[in-house]
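Below is one structure; the comments refer to it alone.
The values are calculated or read from the model by the stated rules, or taken from the named source; none is laboratory data. Quick caveat: nothing in here was measured; it's all calculated off a predicted structure. Cβ coordinates were reconstructed from backbone atoms using ideal geometry, including for glycine residues, and neighbour counts include every protein chain displayed.
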Amino acid sequence: MTKTQKRERIARVVEHLKALYPEARCSLEYEGDPWRLLVMGRLSAQCTDERVNIVCRELFKQIPDVYAMASAPISKIEEIIKPCGLFRMKAQNIKDASVRLIRDYGGQVPDTMDELLKLEGVGRKIANLLLGDLFGKPAIVADTHCMRICGRLGMYKNGMKDPYKTELILSELVEPSEQSDLCHRLVLFGREYCSARAPRCGECPLGKAGLCEQA
């Protein structure tokens, strides 16, 4: 496909997914608190959103804000978040990032990619999640669902697993105003239809619409 054809296809995908999932919401239950989304985004690495939500109910009950996290004993943070895996590194990251937020940003989450990447444990995936959900900016969250599904849709070579390349490609193909919501809808679509191991291709609405290379 040419770039123009890819843009046309992804625009149709966007409309189909809007019909399937009218509410494009983040799976992480951060209750509108930017700092909580930052923490939960870090904890979600190699962990399900469902588990993060469960763990963070207790975490935020005991450590409710950026100031409490900055002063909390690292052992206490580790104990609470242990079910999320990689708990020592994650605990240090969320504590250090909280300290930096207070020191450099008045306790507020910054709204640019460059500033977000200065925070401990924050890579482009988390930064894009924050930019899109908190600040309404164009942002491609190149998680496993996004990479897998858009490869199958023909946006790039199927099986590519490079998040940064995925982000660059899709940012040129998807309308800026649709980018963040599309990524949330791809997560929902990946869970319902387009899983990694057992995709329901025979029932797939995108396949039936002629929008998937694998159909």
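Would you check if ARG57 is more than 24 Å from THR166 (Cβ to Cβ) and crowded, with 16+ Cβ neighbours inside 10 Å?
For ARG57, the condition - more than 24 Å from THR166 (Cβ to Cβ) and crowded, with 16+ Cβ neighbours inside 10 Å - is not met.
When you go through (1) farther than 30 Å from GLU172 by Cβ; (2) assigned by TED's automatic domain parsing to the domain that holds PRO176; (3) among the acidic types (Asp, Glu) one by one for ASP96, which number turns out not to apply?
Exception for ASP96: condition (2).
Please specify each residue of segment 57-81 satisfying the condition of being part of a loop (DSSP other than H, G, I, E, B) and either in contact with a strand residue (DSSP E or B) (Cβ under 7 Å, 6 or more places away or on another chain) or of a type outside the set (A, V, I, L, M) (or both).
Within segment 57-81, PRO64, ASP65, PRO73 meet the criteria.
Among the helices (runs of 4 or more DSSP H) lying completely within segment 86-168, list those that include at least 3 residues that are among the polar types (S, T, N, Q) and more than 14 Å from the chain's Cα centre (by Cα).
Answer list for segment 86-168: 87-105.
Conditions (1) at pLDDT below 95; (2) hydrophobic (A, V, I, L, M, F, W, C); (3) in the same structural domain as GLN46 (by TED's automatic domain parsing), marked per residue:
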{"position": "GLN108", "(1), (2), (3)": "no, no, yes"}
{"position": "LYS157", "(1), (2), (3)": "yes, no, no"}
{"position": "GLU167", "(1), (2), (3)": "no, no, no"}
{"position": "LEU173", "(1), (2), (3)": "no, yes, no"}
{"position": "LEU182", "(1), (2), (3)": "no, yes, no"}
{"position": "PHE189", "(1), (2), (3)": "no, yes, no"}
{"position": "ALA198", "(1), (2), (3)": "yes, yes, no"}
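Among the candidates CYS183, CYS194, CYS150, single out the residue that is of a type outside the set (S, T, N, Q) and touching a Cys at 6+ places or on another chain (Cβ under 6 Å).
It is CYS183.
Filter segment 1-27 down to residues that are among the hydroxyl-bearing types (Ser, Thr, Tyr) and over 22 Å from ASP49 (Cα atoms) and give me whichever is surrounded by the most Cβ atoms within 10 Å (Cβ to Cβ).
Restricting to residues being among the hydroxyl-bearing types (Ser, Thr, Tyr) and over 22 Å from ASP49 (Cα atoms), the top hit is THR4.
Within segment 189-215, which residues are under 15 Å from GLY154 (Cβ atoms), small (Gly, Ala, Ser) and free of Cβ contacts under 8 Å to residues at least 24 places away in the same chain?
GLY207, GLY210, ALA215
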